[in-house]
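Taken together, the values in this text are just the output of simple stated rules run on the coordinates, not laboratory data. No experiment lies behind these values; they were computed from the predicted model shown. Cβ placement follows ideal geometry from the backbone for every residue including glycine, while neighbour counts extend to all protein chains displayed.
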Amino acid sequence: MKSHRFPVLTLLAAALFVFSGPYAGHGNVAQAQDASSPGAAVPDSIFTNGRVLTVDAEFSVAEAIAVAGERILAVGSATDILALAGPATGTIDLAGRTVVPGLIDNHMHFARATRDWYRHVRLDGVTSRDDALALIAERASVLPDGEWVLVIGGWNFAQFGADNSPFTLAELDRTLPDRPLYIQESYRRGFANSAALGAAGIAAGSAYDGPGTLVRDASGNPTGELAGPAMNLVTAVIADVPADVRDASLRAAIADMHAMGLTSVYDVGGNGVTPAYYDALGRAAESGDLTMRVFYSLNGQHGIGSSADEIVAALSSRTPDLAGLRFAQFGWGETTYPPMRATPWQISAEELANYEAIALAAAVHGWQLHEHSLRDVKVRALLDVFEAVDEVRPIGELRWTIAHTNGMSAESIERAIALGVVFATHSSSRLATPEAIARGASTPPFRTIHESGGTWGLGSDATTVASPNPFHNIGWVVSGLSPAGEPILSETVRREAALTAHTRTNAWLLFREDDLGSIEAGKLADFVVLDRDYMSVPEDEIKDLSAVMTVVGGAVVWSATD
């Protein structure tokens, strides 16, 4: 799918926007310039008759947007914006549709997902087991003979309601009898059909002593289920793909995410990621085909060793890119130092001192740290280090970030705020069940952070443990409901706060607040036209919102008519 510059939008608008009934503008944004003044810029295109949620500091609502080149020229009333039009300006009637800034994900394992995206089936919002299996069969029907079909996380059995038993080997073989199928439920367990088991050399008599479990039936035969690290028996034999297929898969991933409303992602590496994943992104950027803005972190996936000395050397010899707007590396994380990922939390004084040396090097050389944490015990130790570094080199301007934030205490939140630390909250616990919550499963303290005055952005931690769809994230933190419709989150926030966290605050977290995150004059023209009104749709339906048009830098990168 190719990008289309704005002059063609006049032709597209008639097919795309078939509804009528404009919204009245509220809180008009007076940014339109006088079109008659000498040297006044003339917009390439005007989007009018909409409900534009600017997500500026006042959460203003406007009626129209003027775009010139890659940037927003003006935002305001339909009358003022239309007055800027020149003879060649294209005019798009939004027919009352709601427009929001392009959604930004502050923590995604994006590059890792793109290699196999063409093989993937996403079950993130599927609530029927039969529908899930039908989607798997549908994907197989468009792939070459013998190609693997993969479902890699973002779902759980609870979302299928009462029909939530584990997949059986017979069931998977009926769905795909002639090609390998592998389904993974987060990092907990996987399910393989007979073709996938055969590709991995797993037969009735196969011996396996762990780690993890090759689950067997009463007769000792493999059931197709692989628990824990035993999943590697199958994942290790899934074939790599040539560069041209990888590039096409990347384009497919980006198109699907644009359809969800995503325009920017912060990629934080991940297990198994190698420099080849970023080579594909680099090729797309060089050719002008990278329509997703990809910001990515420096970490072990870029040939950096795991020792403290190697990490300090990398931070000291490289410079974060705080200016790039299409493909830029600027932070360190999410795996900043392997001992900091210990589960349970056990770290020696020597290793903690090593981490402090890494953090000090990051501070001295201007790197943002993006530190994974799901436990308050780790956060407390982390903040001890941050406070020690802050005494030597203040860190507030560096926007150091605690990612995930599950289980953070109010005391830790206050300590982090005092340091200027940013909270990158995520929806990876959206798949928890009420039973898991009752047993003590933790979720991010969204409301506590918000009401404490913390700076917090909202992201996903997709794609293995969560959905990449930003409206799944937003819908969860507003409604508190799991994909199965069960209440699991008590720390909900208002929808204005959730949308701000997925747009303007994330732009700030990425040091791109002057260019991204809101619909304001001078910023890049990244915005999304929605199928329904974000502000009035019922809370439990926010998760179902989707884009009818996604614009990145003045180009339509996805539309419902493509």
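With 0.36 nm allotted per residue and the present C-alpha distance subtracted, the residue 322-residue 375 stretch has 16.1 nm of extension available. Distance from the Cα centroid of the stretch 378-434 to that of the stretch 518-562 is 30 Å (rounded to whole angstrom).
Here the label points at residue 350 and residue 309, each 7 Å from Cα along the C-beta direction, are separated by 1.3 nm in the simple model.
Take the alpha carbon gyration tensor of the stretch 370-473, find the square roots of its eigenvalues, order them as a ≥ b ≥ c, and report rounded if a/c is under 1.5; if not, report prolate when a/b exceeds b/c, else oblate. Cα axes put the stretch 370-473 in the prolate bin. Remark: 89, 54, 561, 319 ranked as 561, 319, 89, 54, counting other beta-carbon atoms within 10 Å and listing the fewest first.
Which value in deg cm²/dmol, rounded to the nearest 500, describes the helix-derived mean residue ellipticity at 222 nm for the chain, given -39,500 (n - 2.57) per DSSP H run of n ≥ 4 and division by the residue count? Kindly include the intermediate steps, with their values, before the conclusion.
Details: 18 runs with 165 residues, N = 562.
Roughly -8500 deg cm²/dmol at 222 nm, from the helical runs in the chain.
How much net charge surrounds residue 52 when only other residues with a Cβ under 12 Å from its Cβ are counted (Lys, Arg +1; Asp, Glu -1)?
On the way: positive: 51, 97; negative: 56, 63, 520, 533.
Computed value for this residue: -2.
Just how far, in whole angstrom, is the stretch 481-514 from the stretch 339-359 if you go by their alpha carbon centroids? Taking the Cα centre of the stretch 481-514 as reference, the centre of the stretch 339-359 is 30 Å away. A straight chain from residue 285 to residue 438 at 0.36 nm per residue would run longer than the Cα-Cα distance by 50.5 nm. Taking 0.36 nm per residue of sequence separation and removing the Cα-Cα distance, the residue 248/residue 227 pair yields an extension gain of 4.4 nm.
Would any residue of the stretch 124-157 have its amide N under 19 Å from a label point 7 Å out along Cα→Cβ of residue 163? List them or say none. Hits in the stretch 124-157 for residue 163 at 19 Å: 124-140, 151, 155-157. Evaluated with a Cβ-only charge set (Lys, Arg +1; Asp, Glu -1), the chain carries a dipole of roughly 380 debye about its Cα centre, given to the nearest 20.
Return the loop-located trypsin sites (Lys or Arg not before Pro) in the stretch 308-396 (DSSP other than H, G, I, E, B) with at most 13 other Cβ atoms within 10 Å of their own Cβ; answer none if there are none.
Details: sites: 318, 326, 341, 375, 378, 380; in loops: 318, 326, 375.
Here no trypsin sites (Lys or Arg not before Pro) fit, given the DSSP loop and packing criteria.
Among 241, 273, 379, a tally of other beta-carbon atoms within 10 Å of each Cβ gives an order, fewest to most, of 241, 273, 379.
The stretch 204-270 and the stretch 289-305 have Cα centres separated by 21 Å.
Remind me, what semi-axes does the chain give for its equivalent ellipsoid, largest first in whole Å, using sqrt of 5 times each Cα gyration tensor eigenvalue?
Working: eigenvalues 296, 183, 101 Å².
Gyration-tensor ellipsoid for the chain: 38, 30, 22 Å.
Could you please report the charge total around residue 437, scoring K, R as +1 and D, E as -1 over all other residues with beta-carbon less than 12 angstrom from its beta-carbon?
Numbers: positive: 430, 439; negative: 435, 486, 491.
With Lys, Arg at +1 and Asp, Glu at -1, the net is -1.
Charge tally around residue 119: other residues with Cβ under 10 Å, Lys/Arg +1 each, Asp/Glu -1 each, net 0.
When both bridge partners sit in the chain, DSSP labels roughly 45% of those beta bridges antiparallel.
Of the Cα atoms belonging to the stretch 148-285, the radius of gyration and Dmax stand at 17.1, 54 Å.
Here the 3J(HN,Hα) profile of the stretch 426-431, calculated from phi with Karplus coefficients 6.51, -1.76 and 1.60 at θ = phi - 60°, is 9, 9, 5, 8, 4, 8 Hz, Gly and Pro shown as x.
Computed on the chain, with alpha-carbon pairs under 8 angstrom and 6+ residues apart, the relative contact order is 18 percent.
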